[in-house]
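Visitor: Below are the structure tokens for one structure; questions will follow.
The values are calculated or read from the model by the stated rules, or taken from the named source; none is laboratory data. All figures in this text were calculated on a predicted structure; none of them were measured in a lab. Cβ coordinates were reconstructed from backbone atoms using ideal geometry, including for glycine residues, and neighbour counts include every protein chain displayed.
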Amino acid sequence: MKEIENINILAIESSCDETAAAVVHNGREVYSNIISSQIELHKLYGGVVPEIASRKHIEKINQVIEEALKEAGMSLDHIDAVAVTYGPGLVGALLVGVAEAKAIAYAKNLPLIGVHHIEGHISANYIEHPDLEPPFLCLVVSGGHTHLVRVADYGKYEILGRTRDDAAGEAYDKVARAIGLGYPGGPKIDRLAKEGNPEAISFPKAHIEDSPYDFSFSGLKSAVLNYINGCQMKGESFDPADVAASFQKAVVDVLVENSMRAVGAHDATKFALAGGVASNSALREGMRAACEARGIELYYPSPILCTDNAAMIGAAGYYEYISGTRHGWDLNAVPNLKLGDR
């Protein structure tokens, strides 16, 4: 794909509980990346409350965009296009970002580009690794998604595998709640697992025979909850660190095994991680060891680019922009948007 020089994208992300805006130059250079997180607010409820998230986005979005432009040393007159996440995600939260992007694009007569949230996560790797270009395989793991994707080219994706039930991050949150760690569960289980024995408890690892790249984590989650309940009913104590470490090992083993199976089948030489769970230390270490053993180049973003952010939307938006993608004023939030849909 021929790159167009000196393109500044104003990007907006509001798919869940982060209100974010960024200015990205030529898809890979981040001039600003502002994130207003709602984690402390949603901790009170043990998870994201959609209505509260939507209201907070409305409160924060204008100031986040203003701060992004200020940090980039720009005004809207320096912007060439507006990119915004329009799915998947929480519909009310998405609508706030989409409405804001449409208003700015309309007022300044700028191209409007709707970006798929997962495409954004994948594209975070372009910011971190200037040498990375398609084709490559990518494992997207977050609170809402677990996808194994073949990135054929910029904006062209083939989903090889996906979760049949819970996403990996969702399982982390539910297990963390069960052992009293609270929300968000992923980072807390990762920290606690370092103190535990990953071999202490044998939790099940699901493999789906007819779909070797698909994932399933609901059985594992149930096994952990049953183990905890069983201990409590018998009046026996259990070590939360051992539970966390054993659970995490079961998750990471399946993620790595399915990924390496796909690497072998597709003769891949490059593999990337993306999404919130991509910052998990055990997953990074497990994937690094597996890739090194096979001579595969491994890529992953910094933790700040693994979480929901607008810089990744700006990176994806740039490649959509130069491929000719444009959306009209009828662009709407699509909470269940499939990767590859337009």
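Visitor: Can you confirm whether GLU158 is more than 17 Å from VAL24 (Cα to Cα) and in a loop (DSSP other than H, G, I, E, B)? Walk me through how you get there before you give the answer.
Guide: Details: more than 17 Å from VAL24 (Cα to Cα): yes; in a loop (DSSP other than H, G, I, E, B): no.
Against the criterion (more than 17 Å from VAL24 (Cα to Cα) and in a loop (DSSP other than H, G, I, E, B)), GLU158 does not qualify.
Visitor: Next up: Any residue in region 150-162 that is out of contact with any Leu (no Cβ under 9 Å at 6 or more places or on another chain), within 25 Å of LEU10 (Cβ to Cβ), among the hydroxyl-bearing types (Ser, Thr, Tyr) and buried (at least 18 other Cβ atoms within 10 Å of the Cβ)?
Guide: Yes, the conditions are met somewhere in region 150-162.
Visitor: List the pairs whose first member sits in region 147-175 and is within 15 Å of GLU119 (Cα to Cα), whose second member is among the acidic types (Asp, Glu) and in a helix (DSSP H, G or I), and whose Cβ atoms are under 7 Å apart, counting only residues at least 6 apart or on separate chains?
Guide: GLY155/GLU320
Visitor: From the list ALA53, ALA21, ALA103, which residue is among the aliphatic types (A, V, I, L, M) and over 23 Å from the mean Cα position of the chain (by Cα)? Spell out how you get there, then give the answer.
Guide: On the way: ALA53 fails: over 23 Å from the mean Cα position of the chain (by Cα); ALA21 fails: over 23 Å from the mean Cα position of the chain (by Cα).
Criteria check complete, one pass: ALA103.
Visitor: I'm trying to understand the selection: among the residues of region 184-216, which are more than 25 Å from ILE159 (Cβ to Cβ), assigned to a loop (DSSP other than H, G, I, E, B) and not aliphatic (A, V, I, L, M)?
Guide: To start, the set of residues in region 184-216 that are more than 25 Å from ILE159 (Cβ to Cβ) comprises 184-185, 187-203.
With assigned to a loop (DSSP other than H, G, I, E, B) added as a condition, the list becomes 184, 194-203.
Listed by number, the residues that qualify are PRO184, LYS194, GLU195, GLY196, ASN197, PRO198, GLU199, SER202, PHE203.
Visitor: Something else now. Applying the selection to region 286-342, what residues are small (Gly, Ala, Ser) and touching a Lys or Arg at 6+ places or on another chain (Cβ under 7 Å)? Write out each step before concluding.
Guide: Of region 286-342, the ones small (Gly, Ala, Ser) are 286, 289-290, 293, 295, 302, 310-311, 314-317, 323-324, 328, 333, 340.
Within region 286-342, ALA315 is the sole residue that qualifies.
Visitor: Next question. Please go through (1) within 24 Å of LEU10 (Cα to Cα); (2) among the charged types (D, E, K, R); (3) in the same structural domain as THR163 (by TED's automatic domain parsing) for LYS270 and return the number of the only condition it doesn't satisfy.
Guide: Status for LYS270: all satisfied but (1).
Visitor: Right, something else. Considering only region 217-256, state which residues are surrounded by fewer than 20 Cβ atoms within 10 Å (Cβ to Cβ), assigned to a loop (DSSP other than H, G, I, E, B) and on the phi < 0 side of the Ramachandran plot.
Guide: Listed by number, the residues that qualify are GLU236, SER237, PHE238, ASP239.
Visitor: Further question: Output the residues belonging to region 289-336 that are surrounded by 13 or more Cβ atoms within 10 Å (Cβ to Cβ) and among the hydroxyl-bearing types (Ser, Thr, Tyr).
Guide: Within region 289-336, TYR299, TYR300, THR307, TYR318, TYR319, TYR321, SER323, THR325 meet the criteria.
Visitor: A further question follows. Look at region 79-108 and say how many of its residues are within 21 Å of ALA167 (Cβ to Cβ) and surrounded by fewer than 19 Cβ atoms within 10 Å (Cβ to Cβ).
Guide: Let us first name the residues in region 79-108 that are within 21 Å of ALA167 (Cβ to Cβ), namely 85-94.
Checking the rest, the ones that are also surrounded by fewer than 19 Cβ atoms within 10 Å (Cβ to Cβ) come to 91-92.
Counting residues in region 79-108 that are within 21 Å of ALA167 (Cβ to Cβ) and surrounded by fewer than 19 Cβ atoms within 10 Å (Cβ to Cβ) gives 2.
Visitor: Scan region 166-183 residue by residue and report those that are assigned to a loop (DSSP other than H, G, I, E, B), surrounded by 21 or more Cβ atoms within 10 Å (Cβ to Cβ) and either touching a Gly at 6+ places or on another chain (Cβ under 7 Å) or of a type in the set (Phe, Trp, Tyr) (or both).
Guide: ALA167, the sole residue that qualifies.
Visitor: Now, a different point. Taking the options GLY155, GLY143, GLY186, GLY169, name whichever one is on the phi > 0 side of the Ramachandran plot and assigned by TED's automatic domain parsing to the domain that holds PHE247.
Guide: Working: GLY143 fails: on the phi > 0 side of the Ramachandran plot; GLY186 fails: on the phi > 0 side of the Ramachandran plot; GLY169 fails: on the phi > 0 side of the Ramachandran plot.
Residue meeting the stated conditions: GLY155.
Visitor: Moving on. Do you know which residues across region 129-146 are touching a Phe, Trp or Tyr at 6+ places or on another chain (Cβ under 7 Å) and in contact (Cβ under 8 Å) with a residue 40 or more places away in the chain? Spell out how you get there, then give the answer.
Guide: Let us first name the residues in region 129-146 that are touching a Phe, Trp or Tyr at 6+ places or on another chain (Cβ under 7 Å), namely 129, 132, 134, 136-137, 146.
Answer for region 129-146, where residues must be touching a Phe, Trp or Tyr at 6+ places or on another chain (Cβ under 7 Å) and in contact (Cβ under 8 Å) with a residue 40 or more places away in the chain: HIS129, LEU132, PHE136, LEU137, THR146.
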